[in-house]
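S.K.: For reference, the structure I am asking about is given below.
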Amino acid sequence: MDLGISGRTALVCAASKGLGRACAEALAAEGVNLVLTARSVEPLELSAADIRRKFSVAVAVAPGDITTELGRMAALAACPAPDILINNAGGPPVGDWRTFDREHWLAAADSNMVSAIMLMRAVIDGMAERRFGRIINITSAMVKQPHSGLSLSVAARIGLTGFSKAIAAQYVAANVTINNLLPEQFETDRLRSNIQKLTAKSGRTLDEEVAAATASSPAKRMGRVEEFGAVCAFYCSAHAGYLTGQNVMLDGGRYPAVF
Ligand code: NAP
């Protein structure tokens, strides 16, 4: 299926590895030119070179911390008028919510809510004028199925989810959509490091923890990042203009409810 976005430009945040990179690759496979961000310059440049080589699209980089004003300015300077915006950043720390102080909550809000809102504000009216825009927020399955150990993530991402829904209807007539992808248990460095932390508490080995995590999933496996990227690319496609304000669970069937 031709997704109808060849020649478009995407700003993909937090994209040197993991889910962000998978989205970048899936878009590049559709002929989308990219601007990628991440904090560490070398892995970012290596990823960009790799994607360029594989897909023959233009790939620029904008190194910086996307949760800061400076990082967002660098991203927008490199990509002032994207057709596609993938909002992503690292997740906040996990732990007992009672151990987090005001600074932790504000930092989580900045990383996983405010920074995405600021980027949307910068680009969305231009998208509407050009009559094409696709915005994807990478959030978390925890938005629909919260867990107390991920309280910082849940609280911040719920805010972004509510905000996105509030403005989605305002832009869909201009062919600009906003959707959230909610991952759980995709094989990435972030997931591996979270599972590693569990071993300290449980006394189990990393392999045992991974086995326990996959055994508890209806899919009996973890998600592959390519699967995540493919869904992202479809939501960014020319065919998805009637699809907005949605929260798409990508969790191998773990979420137990109908809605
Ligand atoms: P990952 O494999 O650790 O990759 C994170 C990527 O984001 C890297 O390229 C990293 O590069 C970049 N990054 C992190 N913080 C950044 C910042 N402040 N500014 C710019 N770039 C930044 O993580 P992932 O698993 O793909 O997770 C992506 C998001 O999905 C996170 O918010 C995570 O909490 C959420 N999530 C993931 C899962 C899952 O199953 N994997 C489940 C639920 C939610 P640098 O370190 O060089 O900046």
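S.K.: Most fluctuating residue of Asp65, Asp189, Asp125 in a GNM of the chain with Cα springs under 10 Å: which is it?
M.R.: Maximum among the listed residues: Asp189.
S.K.: Provide the per residue accessible area, probe 1.4 Å, for the chain, rounded to a whole number of square angstrom.
M.R.: In whole numbers, the chain has 47 Å² accessible per residue.
S.K.: Right, another one. If I histogram all Cα-Cα distances within segment 1-143 using bins 5 Å wide from 0, what percent of pairs lands in each bin?
M.R.: It works out to 2, 10, 20, 22, 19, 13, 7, 4, 2, 1, in whole percents.
S.K.: Here is a follow-up. Could you list the residues of segment 81-114 with an amide nitrogen less than 18 Å from a label point located 7 Å from the Cα of Leu70 in the Cα-to-C-beta direction?
M.R.: 90, 107, 110-111
S.K.: Which FRET efficiency value, to the nearest 0.05, is calculated for Lys165 and Thr205 with the Förster distance at 51 angstrom and r the Cβ-Cβ distance?
M.R.: About 0.75, to the nearest 0.05.
S.K.: Roughly how much of Tyr255 is accessible, in Å² to the nearest 10, using a 1.4 Å probe?
M.R.: So the heavy atoms of Tyr255 present about 50 Å² to solvent.
S.K.: Using alpha-carbon positions, what is the distance between the centroids of segment 155-182 and segment 1-45, in Å?
M.R.: 21 Å
S.K.: Where nothing but the Cβ of Lys and Arg (+1) and of Asp and Glu (-1) is charged, how large is the charge dipole of the chain around its Cα centre, in debye to the nearest 20?
M.R.: Numbers: 26 positive and 24 negative charges, 59 e Å.
Dipole size: approximately 280 debye.
S.K.: Can I ask one more? Which distance in nm do the two modelled labels at Asp2 and Arg254 give, with both placed 7 Å along the Cα-to-Cβ direction?
M.R.: 3.9 nm
S.K.: Specify the angular offset, from 0 to 90 degrees and rounded to the nearest 10, of the alpha carbon long axis of helix 189-202 from the longest principal axis of the alpha carbons in the chain.
M.R.: Long axis of 189-202 versus the principal axis of the chain: about 10 degrees.
S.K.: Nearest 500 deg cm²/dmol is fine: what mean residue ellipticity at 222 nm does the chain get from its DSSP H runs of n ≥ 4 alone, each adding -39,500 (n - 2.57), divided by its residue count?
M.R.: Here the helix-only value at 222 nm equals -14500 deg cm²/dmol.
S.K.: Of the beta bridges DSSP finds with both residues in segment 79-210, what % are antiparallel, to the nearest 5? Show your work: numbers first, answer last.
M.R.: Values: 0 of 10 bridges.
Bridges in segment 79-210 are about 0 percent antiparallel.
S.K.: State, in angstrom, two size descriptors of segment 25-68 derived from its alpha carbons: Rg to one decimal place and Dmax to the nearest whole number.
M.R.: Values for segment 25-68 (Cα only, Rg and Dmax): 10.4, 31 Å.
S.K.: Counting pairs of Cα atoms in segment 192-259, how many percent are more than 19 Å apart? Before the final figure, lay out each step's value.
M.R.: Numbers: 1190 of 2278 pairs.
Result: 52 percent of Cα pairs exceed 19 Å.
S.K.: Write out the trypsin sites (Lys or Arg not before Pro) in segment 190-259 meeting two conditions: DSSP loop, and at most 16 other Cβ atoms within 10 Å of their Cβ.
M.R.: Listed in order of number, the matching sites are Arg204, Lys220, Arg221, Arg224, Arg254.
S.K.: Separate question: Using only protein heavy atoms and a 1.4 Å probe, report how much of Met113 is accessible, in Å² to the nearest 10.
M.R.: 50 Å²
S.K.: Let me ask something else about it. Using a 4.7 Å cut-off between beta carbons, which cysteines in the chain end up with no partner cysteine at all?
M.R.: Unpaired cysteines in the chain: Cys13, Cys79, Cys236.
S.K.: Sticking with the crude label model, points 7 Å out along Cα→Cβ, report the distance from Ala49 to Lys220 in nm, one decimal please.
M.R.: Modelled inter-label distance: 4.2 nm.
S.K.: How much of the pair distance distribution for the chain lies past 22 Å, counting alpha-carbon pairs only, in percent?
M.R.: Details: 17998 of 33411 pairs.
Of all Cα-Cα distances in the chain, 54 percent exceed 22 Å.
The values are calculated or read from the model by the stated rules, or taken from the named source; none is laboratory data. Fair warning: this is a prediction, and the values are worked out from it, not measured in the lab. Cβ atoms come from the backbone with ideal geometry, glycine included; neighbour counts cover every protein chain shown. Side chains included, ligands, DNA and RNA excluded: accessible areas come from the protein's heavy atoms. Shrake-Rupley method; radii C 1.70, N 1.55, O 1.52, S 1.80 Å.
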